[in-house]
Structures are given as structure tokens and as C-alpha cells.
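The values are calculated or read from the model by the stated rules, or taken from the named source; none is laboratory data. All figures in this text were calculated on a predicted structure; none of them were measured in a lab. A quick note on method: Cβ atoms are made from the backbone with ideal geometry, for glycine too, and the neighbour counts reach across all protein chains shown. With ligands, DNA and RNA removed, areas are computed over all heavy atoms of the protein, side chains included. Shrake-Rupley method; radii C 1.70, N 1.55, O 1.52, S 1.80 Å.
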Amino acid sequence: MSAMMRSSCLLLGLLVPISGAADKHQPDPDYHKDLPTEPHHSMHQPMDQSRVYWYWGGSTVVAKRQVRLTPATADRQGFLWNDYPLESVNWEVEFDFKVYSKPHFGGDGFGFWILDSSDDPVLKSEPDALSGKLFGLKERFKGMGVVFDTYDNDGDRKNPAIFVLDNRKGERFYGNHDNDYLNDMYKQTPSGYKNPEFSCQAQYRNTNEPVRVLIRFLHKILHVYIDTRDGQGWRVCLAVEFDTDFSNHHMVFSAITGQVADVHEVNSISTRYIDESEQDFDDFLLMHAEGSNRRSGLGQLLWYLLMAGGLALNVICGMEIYKYLDYSSSGINSTLIADNLKAFAWPHTILHFGVSSLLLIVGAWFGLVINLPIVGYKIWAIQKKRLLLDANSVGAEAKIHSGNVLSYPNRMYLMMGVYAVTQIYILMNLSS
């Protein structure tokens with residue numbers, strides 16, 4: 001078995017630097033998970049225990065499991081204001097939410113806002129002074145917001161949409177609701193970015209689990225990531241750049257319903273402060289990153305099929321080696337050994353062709369490359385009618401044909417090493 005071990009170690013040596021290089025440059029929205037959350041900017045179940053840090057109005061109800069901004073009732077507006085201003089220039093807010101109702105279409109939408117202290121509803125004479133028609137917020141506000149526009153007003157099938165509205169001057173915001181704010185979106189994408197986006201679409205309605213959103217403000221660039229819990233994991237939504245920061249501003253959630261109505265719920269809020277020394281994230285890399293978190297449901301299924309096929313390939317190759325060693329140690333002649341091992345030839349070959357095809361389909365290039373020599377050998381053996389073993393093929397010193405070619409047992413050890421490394425590679429991709 002030493003030949004198999006040597007082959008495995010050699011291929012593992014090739015695999016480790018390749019996989020490490022892929023991970024080194026791949027950004028991760030969960031990068032700051034180890035940072036402490038700021039309790040006065042956060043809410044976790046039971047949600048009502050954190051209400052001392054928040055002020056709410058309109059249709060908003062704070063319960064143990066969620067903050068419901070609006071019920072599925074027409075013409076409702078609700079808001080949730082964080083009483084404590086952000087004390088850091090760089091920060092990120094991760095929140096879970098659900099938007100749902102029985103109709104196929106719903107509305108109108110909700111927003112996450114960063115507002116100046118002058119908009120503090122606690123200082124106003126009317127308790128619902130912050131409520132309004134702009135996704136549940138008044139139209140005269142000072143700050144900016146990430147908007148989740150659910151209802152498709154102009155019928156161009158580009159909703160639900162996510163984009164940014166900017167009103168740092170504090171004047172009345174005159175947005176065009178009828179064309180879904182197409183001309184009002186904040187479109188200042190970061191300079192030097194590849195393929196920057198200032199908006200995105202996401203199917204966040206009627207999901208089985210709450211949708212995750214991460215809003216990160218770092219070095220005056222606002223990044224928005226979303227995970228709709230469809231198996232793709234985090235994906236880049238947008239990135240826009242500002243010339244000011246938003247320290248000493250307040251976080252606000254708001255929502256509104258129109259003639260069609262959705263329930264808008266916030267299920268958790270986690271706020272973390274980020275140090276100025278942190279490096280900027282390259283969203284372009286995340287948009288093109290490989291791994292299970294970037295795969296569709298079909299892609300994920302193919303990877304699981306690949307894992308099962310790889311496991312079966314390791315099993316059948318291991319059994320073939322075991323049978324060969326067992327027969328050889330029993331003193332059985334080469335003819336009987338070959339006859340007994342013929343049963344493995346075609347299942348082994350077909351299974352390997354299937355696994356190699358899946359490696360090609362899912363784009364697992366390292367796994368495909370190390371298996372191509374085996375594919376080439378098997379095709380050659382089929383063409384030369386040498387796939388099935390004979391008495392001259394199974395001896396320890398036997399050769400498939402004249403020339404310097406591996407003997408049958410050493411050839412099987414090498415295949416087993418390749419299959420083992422391929423399976424490790426598949427598992428590493430599934431767990432990435």
C-alpha cells in the first residue's frame with residue numbers, strides 16, 4: 001500500500017496550495033462575526049427585552065419573536081427608531097426579516113435608514129412624526145436609506161428591488177413612485193471597482209426562513225449583501241460611495257403597505273463597529289467566488305451527487321484492491337484472479353466516467369485535471385480491448401503492453417490515491 005500512500009501525499013501536496021490560494025483572496029461577509037455586537041444598537045429574541053434602546057410608532061408592534069412594522073392590511077405605516085446614535089465611523093448592521101402575505105404579489109416595501117438626530121421622533125410633538133409615504137418614512141428627512149421596493153409600479157418586472165436613496169441635505173424628497181424611483185436612486189458607485197452595481201433584485205417575499213441582509217459601511221463605501229436562504233448564501237447586492245460618514249446618526253427601520261399589503265417583520269438586528277484599519281472588501285471577487293455559497297439549488301444537488309459518486313468510486317476501487325490482495329495471498333493462479341476481477345472493470349469505468357463528467361459540469365477543475373489521465377487510459381484500454389483483465393495482466397510485474405507502464409496493482413494504488421484526493425477536494429468545496 002506504500003505506492004498508494006505516496007500518490008496520495010503527492011496529490012495532497014498539490015491540492016493544499018491550490019485550495020489555500022482560493023481562500024486567501026475570497027472575501028466573506030461573515031468576516032466580522034467574531035466582533036462583539038453593540039447591544040444598544042441590536043435586538044435579539046426575546047426582542048421586547050431590548051425595547052429600552054428603541055422607539056417605535058405607527059403600526060409597529062414589538063413582540064418577543066419579531067418586530068412587526070406592518071400587518072398584511074392596506075394603508076399601514078410603521079417605524080422603529082434606535083435611540084442611540086452610531087458612535088463609530090465604520091460599522092455594519094446585519095438583520096433578519098420576513099416579508100410575506102398570501103397573494104402572489106404584495107407591497108409596498110420597507111427601508112433601513114441612517115438619519116440625523118434632527119429627525120428624532122422623541123423630540124417631536126406628535127408620536128408618529130417620523131411616519132410618511134416614503135416606504136413608511138416621512139418625505140422630509142436628513143440622511144440616507146437602503147430601500148426594499150417590493151411592488152412593481154411600472155410593470156417592468158424588476159421588483160422586488162433594492163437600492164439607496166440619499167437626502168443628506170434634509171430637504172423634502174420628491175421621488176417618482178410610479179417608475180419605482182429609477183431616476184432617484186443614488187448611483188455613485190466606488191471608483192476603481194469592477195462591475196459595480198447601485199441596485200439589485202432579490203426574491204425576498206414569502207421565503208420559508210427569514211432573509212438575511214448585511215449592510216456594511218467601511219471607508220465611506222456602503223456595501224449591501226443579501227442571503228435569501230435559497231442555497232446560494234451571501235451574494236453582493238450593491239456598493240455605493242459617499243463623501244461623508246454617518247457617525248452620530250441613528251438607525252431606523254420603516255415599512256408601508258398600499259392597496260396590496262405584506263407583513264413586514266424584523267427578526268433580529270446585530271450591529272458591530274469596525275476598526276478604521278480594516279481593508280476594503282473586493283465585492284467583485286465575492287461575485288465570482290466559487291463554493292457552495294455561490295451555487296444554485298441545482299448546482300448544490302450536483303455537488304451532492306458528485307460527493308456520492310466519489311464515495312462510491314473510492315469504495316469500488318478499494319474493494320477491487322482488497323479482492324486482488326486476498327486472491328494473491330491465497331495462492332490462486334493468475335487466470336482465476338483475472339476472471340474474478342473482471343466483474344469490477346465496467347462498473348468501475350462507468351462510475352469514473354460519470355464522476356469525471358460531473359466534475360466538468362460543476363467546474364471543479366482541479367478534480368477534473370487529476371482524473372483526466374485515468375479517463376484517457378480507460379478510453380485507450382476500451383479501444384484496444386484491454387479493459388478486461390487476463391492472466392498476463394494481474395501479476396505484480398505484469399504490464400498492460402510492452403513498454404514502461406505501471407503493473408496492475410500499482411496502477412490500482414495510483415487510482416485509489418487520485419480518487420481519495422478527489423473526494424477530499426469535493427468535501428472541501430461543499431464545506432467552503
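Brief remarks on what is shown
- Placing pseudo-labels 7 Å out from each Cα toward the beta carbon at Asn392 and Ala74 gives an inter-label distance of 8.8 nm.
- Selected from Gln66, Gln279, Gln201 as most flexible by GNM, with the chain as the system and alpha-carbon contacts under 10 Å: Gln279
- Per residue, the chain exposes 47 Å² of solvent-accessible protein surface, assessed with a 1.4 angstrom probe and all protein chains in place.
- Estimated FRET transfer efficiency when R0 is 60 angstrom, pair Leu325-Leu285 (beta carbons, to 0.05): 0.80
- In this structure, the pairs whose alpha-carbon distance is over 30 Å, taken from Lys133/Lys169; Lys64/Lys187; Lys124/Lys158, are Lys64/Lys187; Lys124/Lys158.
- Ratio Rg/Rh, restricted to the chain and using Cα atoms, in which Rh is the Kirkwood radius: 1.17
- Sorting 233-241, 166-174, 144-152 by their mean Cβ neighbour count within 10 Å, with the most densely packed peptide first, gives 144-152, 233-241, 166-174.
- Förster radius 41 Å - calculated FRET efficiency between Val369 and Asn248 (Cβ-Cβ, nearest 0.05): 0.15
- Using alpha-carbon coordinates, inclination of helix 408-431 to the longest axis of the chain, degrees: 10 degrees
- Computing FRET efficiency as 1/(1 + (r/R0)^6) for Phe198 and Tyr377, where r is the C-beta to C-beta distance and R0 is 51 Å, gives about 0.45.
- Amide H contacts of Ser268: Asp96, each under 5 Å away and 5 or more positions distant or on a separate chain (H built 1.01 Å from N in the peptide plane; Pro and chain starts excluded).
- Each peptide in 38-50, 89-101 receives the mean, over its residues, of other Cβ atoms within 10 Å, and ordering these scores from highest gives 89-101, 38-50.
- Acute angle (nearest 10 degrees) that the helix 334-362 long axis makes with the longest principal axis of the chain, alpha-carbon atoms: 20 degrees
- Using alpha-carbon coordinates, inclination of helix 2-24 to the longest axis of the chain, degrees: 20 degrees
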